[in-house]
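Taken together, the values in this text are just the output of simple stated rules run on the coordinates, not laboratory data. In this text the structure is predicted, and so the values were computed from the model without any measurement. Because the Cβ atoms are built from the backbone with ideal geometry, glycine has one as well, and the counts that use them run over all protein chains shown.
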Amino acid sequence: MRRVVFNQKGGVGKSTIVCNLAAISASRGTRTLVIDLDPQGNASQYLLGASAGDAQPNLASFFESALSYSFREPSFGSFVHATPFENLDIVPSHPSLETLQGKLESRYKIYKLRDALRSLADYDAVYIDTPPALNFFTRSALIAVERCLVPFDCDDFSRRALYSVLENVQEIRHDHNPELNVEGIIINQFQPRANLPKQLVDELRAEDLPVLDAHLSSSVKIRESHQRAKPMIYLEPRHKVAQEYAALLDELNR
């Protein structure tokens with residue numbers, strides 16, 4: 001099972017969702033891998049803490065090897081790093097991904113990640129974090145997976161962006177990856193007592209969009225989990241948000 005979390009709009013919680021779903025998956029005994037395709041490296045910092053910046057080799061190393069003329073490319077497993085959490089590994093990001101993008105596009109390396117994941121047999125679940133843009137790295141991720149999750153903050157700007165995201169995923173599916181499907185829209189930062197979020201969610205459902213039932217609440221505890229580099233299931237497993245993530249994964253796996 002391979003999932004990508006994607007939205008062209010920034011600040012919608014992609015890295016947080018990737019790391020918390022992956023952490024719960026791992027805590028249940030599933031061998032789980034996170035791939036951090038965002039040059040900002042938020043998922044890497046979330047799971048590796050202060051050591052994230054020193055992690056070598058990383059995803060930039062993988063793509064650099066794809067640009068070389070070596071007859072024997074290193075296995076994708078050589079770029080994987082263990083996290084402090086059992087069953088949870090990561091291929092960390094690096095800021096130099098940004099400068100590699102043009103070269104990778106011009107050399108048409110868009111299928112390298114897909115091929116690398118197909119050769120990787122050690123993991124039952126893979127979660128991919130993406131940049132807030134439809135660029136080379138995001139397209140690579142959408143080509144490499146079967147399932148796409150779209151985070152949605154309950155405001156009008158997010159709603160406008162959502163339709164563009166769904167169209168872009170559909171285009172990738174048509175042109176490059178017929179196995180790709182939008183698995184669900186994740187309602188993030190949900191405020192059940194406010195009228196607007198509930199209204200927006202009801203309207204999306206009325207349009208027959210795949211809105212998931214499990215919603216994620218806004219919580220200061222999430223910021224603490226970022227600071228301490230501990231996903232919620234390890235920081236405070238009985239917290240409301242930790243339970244919401246668990247319910248979300250249960251819904252996805254049904």
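Compute the whole-percent fraction of alpha carbon pairs in the stretch 138-207 spaced more than 17 Å apart.
45 percent
Where does each of 24-30, 48-54, 72-78 land if you order them by average Cβ count within 10 Å, highest first?
24-30, 48-54, 72-78
Dipole magnitude of the chain about its Cα centre, charges +1 at Lys/Arg Cβ and -1 at Asp/Glu Cβ only, in debye to the nearest 20?
Taking the Cα centre of the chain as origin, the dipole is about 300 debye.
Which order do peptides 136-142, 206-212 fall in by mean Cβ count within 10 Å, highest first?
Packing order, densest peptide first, comes out as 136-142, 206-212.
Taking 0.36 nm per intervening residue step and subtracting the Cα-Cα distance, what contour gain separates Q56 from K103 on full extension?
Full extension from Q56 to K103 adds 14.8 nm.
Using only the Cα atoms of the chain, what semi-axes does the equivalent ellipsoid have when each is the square root of 5 times a gyration tensor eigenvalue? Give whole Å, largest first.
In descending order, the three semi-axes are 29, 22, 16 Å.
When ranked by the protection proxy of mean other Cβ atoms within 10 Å per residue, highest first, what sequence do the peptides 154-163, 12-21, 185-194, 239-248 form?
12-21, 239-248, 185-194, 154-163
Take the alpha carbon atoms of the stretch 77-118, find their radius of gyration, then divide it by 2.2 N^0.38 Å using N residues; give the quotient.
1.43
Under a plain spin-label model, where a point goes 7 Å from the Cα along Cα-to-Cβ, how far apart in nm are R28 and D124?
A separation of 0.9 nm, rounded to one decimal place.
Of S65, Y46, S140, which is farthest along the charge dipole of the chain in the positive direction, counting Lys and Arg as +1 and Asp and Glu as -1 at C-beta?
Among S65, Y46, S140, the one farthest towards the positive end of the dipole of the chain is Y46.
Enumerate the residues in the stretch 1-44 having an amide nitrogen under 17 Å from the point lying 7 Å beyond the Cα of D155 toward its Cβ.
Only 7-14 pass the distance filter.
Could you point to the residue in L248, P178, V201 farthest towards the positive end of the chain's charge dipole, with +1 and -1 charges on the Cβ of Lys/Arg and Asp/Glu respectively?
L248
Cα-based count: Lys pairs in the chain below 20 Å, eight or more positions apart or different chains?
8
Give me the percent of DSSP beta bridges within the stretch 2-253 that run antiparallel, rounded to the nearest 5.
5 percent
Per residue, how big is the convex hull of the stretch 170-254 when only Cα atoms are used? Give it in Å³.
138 Å³
Working out 0.36 nm times the residue gap between A247 and V220, then minus their Cα-Cα distance, what length gain in nm do you get to one decimal?
7.8 nm
Kirkwood hydrodynamic radius for the stretch 84-217: how many Å is it when counted over pairs of different Cα atoms?
By the Kirkwood definition, the hydrodynamic radius is 16.8 Å.
Net charge around E98, counting only other residues with Cβ within less than 14 Å of its Cβ (Lys, Arg = +1; Asp, Glu = -1)?
Combined, the nearby Lys, Arg, Asp and Glu give -3.
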